[in-house]
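Structure first, commentary second.
The values are calculated or read from the model by the stated rules, or taken from the named source; none is laboratory data. Just so we're clear, the structure is a prediction, and the values are computed from it rather than from any experiment. Every residue, glycine as well, gets a Cβ built from its backbone with ideal geometry; the counts of neighbours run over all protein chains shown.
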Amino acid sequence: MDRCIVLVDAGYLLGAAASLLAGEPSRSRITVDHSALIQGLRERAESDTERPLLRIYWFDGAPDRVPQPEHRRLRVMPRVTVRLGALTRSDGRWAQKGVDAAMHAELTELARNRACSDVVLVTGDGDLLPGMMAAKEHGVAVHLWAVQAADGDYNQSEDLVAEADERRVLDRIWITKAVQAKELTGVCAPAPAPRPEIAAILSAPLPESALATGADRARPPAPPHHPATASPGERNGERVPATKGVPTPKDLAALRGPGAPPAKEPANATLRWSSDKGWVDRPGTPAEPPEAAALPTLAQLTTAEQRWADREEDITTVGGDPFEVGQVFARRWMGRLPEQHNVQKLATMYPRIPHRVDGELLRYAARFGLLAHKDDQIDEHDRYAIRAGFWREIDVRTAAEHGPMGE
């Protein structure tokens, strides 16, 4: 049939784009506007082949083949089909498994069924050579697209290049319409909100005092450095030893500024980040405060219509960054609270999120592929960022209405 199909090896396309724009093939070094990228691929394919587009197949890897946020956004776009292979980690490096085989199978099946007259391949892997040859034998014209190489050399198999009917290069100008290199700022979180405790969460590693005795913990800490100006591992102009984990809420309580009220917690209770317990009480200690148990959850505040709209927003606009996930959850929760004094109740519990709300927050975050597939738990640093995002949004929205919390 007189139409074209595009098969995209996302690992090649985005890895080569990262090498070109950021100097290394790590996809974490670039930001991608997937809508603009898909539109660009469609327009370029229809122009080069002079055929209308039937479909774009997007082949990528994902841990346990669980769709990541970008895959969920892509698969609801018109004329886009996502095919996922496995993503495995070996010797500290991520590798795709099954992507080449899936592309080969799709290419040969489309050609055999005469589903198209032209196929555009965006790949560099020589394993696609048998599939390309089979497609040509079925009368399909094969167009091979390359991403401009950072060193000006080939970044595709020479056998693949030699076998293609038509070849094109997606140059830097074309790539930068949808892909940009990230700016390295030295901090992993957005600019701080007015609340100094939030700045402490985002900038300060676990202090030595948090690992020392209780008497050491009671020592008043110096005001935290602004996270935008303090380098990692540095606070108040002094080097802070690297730590093995992120602060727990109890550790963070030691970072409150001079004159701040002490954290309200049972003397012999321990706070931890895990959402399933909240307070870990010793025998004879009180349970979670009644005002915390009285706070409604987001599920209780959400109608069926809102739930559908939330899911649509998650698929189409929420990127899945842990900090952003916490902000989105907090924004919805605050926006639906019938009584805003509940926010003030929450402020008195800082830095701990009541476990009913916190558990729901982490279950929501799990939708975005943030679970570590070994034990189905969210990574410690991701949990830290999720909760920091939650508090940042609470703080920003409360400050806009009533002034910064704690004043």
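List of remarks:
- Inclusion of H355 among residues that are closer than 29 Å to P63 by Cα and touching a Ser or Thr at 6+ places or on another chain (Cβ under 7 Å) is warranted.
- Some residue of region 63-82 being crowded, with 19+ Cβ neighbours inside 10 Å and in a strand (DSSP E or B): yes
- Test for A150: is it of a type in the set (G, A, S), crowded, with 16+ Cβ neighbours inside 10 Å and out of contact with any Leu (no Cβ under 9 Å at 6 or more places or on another chain): no
- Exclusive hit being out of contact with any Phe, Trp or Tyr (no Cβ under 7 Å at 6 or more places or on another chain), part of a helix (DSSP H, G or I), surrounded by fewer than 18 Cβ atoms within 10 Å (Cβ to Cβ) and of a type in the set (A, V, I, L, M), set A86, A45, A101, A95: A101
- Cβ-Cβ distances below 7 Å connect the following pairs, each with a first residue in region 315-328 that is at pLDDT below 80, a second residue that is of a type in the set (D, E, K, R), and a separation of six or more residues or different chains: I315/R72; I315/R73; T316/R73.
- Looking at D153, D165, just one residue is touching a His at 6+ places or on another chain (Cβ under 7 Å) and of a type outside the set (F, W, Y), and that residue is D165.
- Residue ID - farthest from G124 (Cα to Cα), chosen from residues in region 1-24 that are small (G, A, S) and buried (at least 23 other Cβ atoms within 10 Å of the Cβ): A18
- Any hit, region 153-163, residues being within 21 Å of L41 (Cβ to Cβ), touching a residue at least 24 places away in the same chain (Cβ under 8 Å) and among the acidic types (D, E): no
A quick yes/no check of all residues on (1) under 19 Å from the mean Cα position of the chain (by Cα); (2) on the phi > 0 side of the Ramachandran plot; (3) acidic (D, E):
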{"residue": "D64", "(1), (2), (3)": "yes, yes, yes"}
{"residue": "P69", "(1), (2), (3)": "yes, no, no"}
{"residue": "M77", "(1), (2), (3)": "no, no, no"}
{"residue": "R83", "(1), (2), (3)": "no, no, no"}
{"residue": "R112", "(1), (2), (3)": "no, no, no"}
{"residue": "V120", "(1), (2), (3)": "no, no, no"}
{"residue": "D125", "(1), (2), (3)": "no, no, yes"}
{"residue": "L144", "(1), (2), (3)": "no, no, no"}
{"residue": "Q148", "(1), (2), (3)": "no, no, no"}
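- The residues of region 24-54 include none that are closer than 22 Å to D151 by Cβ, more than 19 Å from the chain's Cα centre (by Cα) and modelled with pLDDT of 90 or more.
- Only one entry in R356, R392, R363 is surrounded by fewer than 17 Cβ atoms within 10 Å (Cβ to Cβ) and modelled with pLDDT of 80 or more, namely R363.
- Positions within region 48-62 being surrounded by fewer than 17 Cβ atoms within 10 Å (Cβ to Cβ) and touching a helix residue (DSSP H, G or I) at 6+ places or on another chain (Cβ under 8 Å), in sequence order: P52
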